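Input: a single structure, listed below in structure tokens.
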Amino acid sequence: MTEADFVPSAAVVGVSAALSAVLIYLLRPLLVRHLMAHPNERSSHVQATPEGAGFGVMVAIFAVCGALLVWKLVPAPDLVPVLLGAAALMLLGGVDDARPLPVTWRLLVQAAVALGIVLTMPPDVRVLPAVLPTSAERVPLVFGAVCFVNVVNFLDGLDWMTVAQVVPMTLGVGALWWLDVVPPGIGFLALALLGAMLGFAVFNKHPASIFLGDSGSLPIGLILAYMLIWVAEAHFVSALLLALYTIADSALTFVRRLRNGEKVTAAHRTHFYQRAVANGFRVPEVTTWVFLLCGWLAILAVAAALARSLAADMAALALGIGGVALVLTNFARGR
């Protein structure tokens, strides 16, 4: 990043935030009539609330990134595939919000989208070059992207919960762009997502007047996965740290449910952040803890990328894992 990038960077965040907020405001009356989220076995809300703010968030991102492409501020190959994939998942999520689709169909579409994006990435974008050849590495990347899309969706279960994860993550990726760790296209994409989520946050503050919905959580998960691949190509530990809380809450919950003989595909409210609410934490307290933890992880990710040493990586991972363990333990124990 150069000094000349500061003005367009600030503009990307500001325009994306404003556009997202305006679109959500305009969409809400329509969503109240046609797309209401009623309390169920997975949800944490107690009254019907409109969902579908993801349409406003994503259209804002598409508009801002489209302008960047038109003005040639970023190369098209860096953004076009992931934006097309995000549009497909936005539509898939919107349909699923209105009429739940079979899990198999959702996963097939997600896998097809992830495969298309991974195959269009430059062959020199490698995550584990010392372990796998390029062709073999693409398979776990597709699997990981699909998993991360669904993990982000699973953790979108409280007011501001997704905001608390995405804002620090995108700030971290933006900082890595500033340090020339990731290319401009990835940096601008992170800032567009950051702005759009800030615009959404105004309406999602507890008690939320609107939810993101699958139309937002699915494409946001895809964009995050895409950015993490680029970060991992430059510094694997930084990518792991940025996603550490999101992965840990879902992975540990999955293992616990599997060990207890539960049907892991069934809806539930036993993620650590959901258990925290059941154990006496207020919703704003939970999301504040998650925000602070993800912010801490983003700082460690940037520090590790700067240091570029095995000792720094090990120290950053130890501090990150310690922070995650502390928060998840508190959530599980309650007050």
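Quick notes on this one:
- Condition met for Leu26 (within 12 Å of Phe203 (Cβ to Cβ) and modelled with pLDDT of 95 or more): yes
- The range 114-146 - residue that is of a type in the set (Gly, Ala, Ser), without any contact (Cβ under 8 Å) to a residue 40 or more places away in the chain and part of a helix (DSSP H, G or I) and, of those, surrounded by the fewest Cβ atoms within 10 Å (Cβ to Cβ): Ser135
- Residue in the range 279-294 that is assigned to a helix (DSSP H, G or I), of a type outside the set (D, E, K, R), without any contact (Cβ under 8 Å) to a residue 40 or more places away in the chain and over 30 Å from Thr120 (Cβ atoms) present: yes
- Residues of the range 213-247 satisfying the condition of being of a type in the set (Gly, Ala, Ser) and either within 13 Å of the chain's Cα centre (by Cα) or closer than 20 Å to Asp159 by Cα (or both): Gly213, Ser215, Gly216, Ser217, Gly221, Ala225, Ala239, Ala243
- Options Leu73, Leu35, Leu89; residue that is at pLDDT 95 or above and within 27 Å of Ala114 (Cβ to Cβ): Leu89
- Residue match in the range 191-203 (condition: over 15 Å from Ala60 (Cβ atoms), modelled with pLDDT of 95 or more and buried (at least 24 other Cβ atoms within 10 Å of the Cβ)): no
- Among the residues listed as Phe236, Phe254, the single one being closer than 19 Å to Val146 by Cβ, of a type outside the set (Gly, Ala, Ser) and surrounded by fewer than 22 Cβ atoms within 10 Å (Cβ to Cβ): Phe254
- Residue check, Leu218 closer than 23 Å to Arg106 by Cβ and in a helix (DSSP H, G or I): yes
The values are calculated or read from the model by the stated rules, or taken from the named source; none is laboratory data. Just so it is clear, the model here is predicted, and its values are computed rather than measured. All Cβ positions, even for glycine, are placed from backbone atoms using ideal geometry, and neighbour counts span all protein chains on display.
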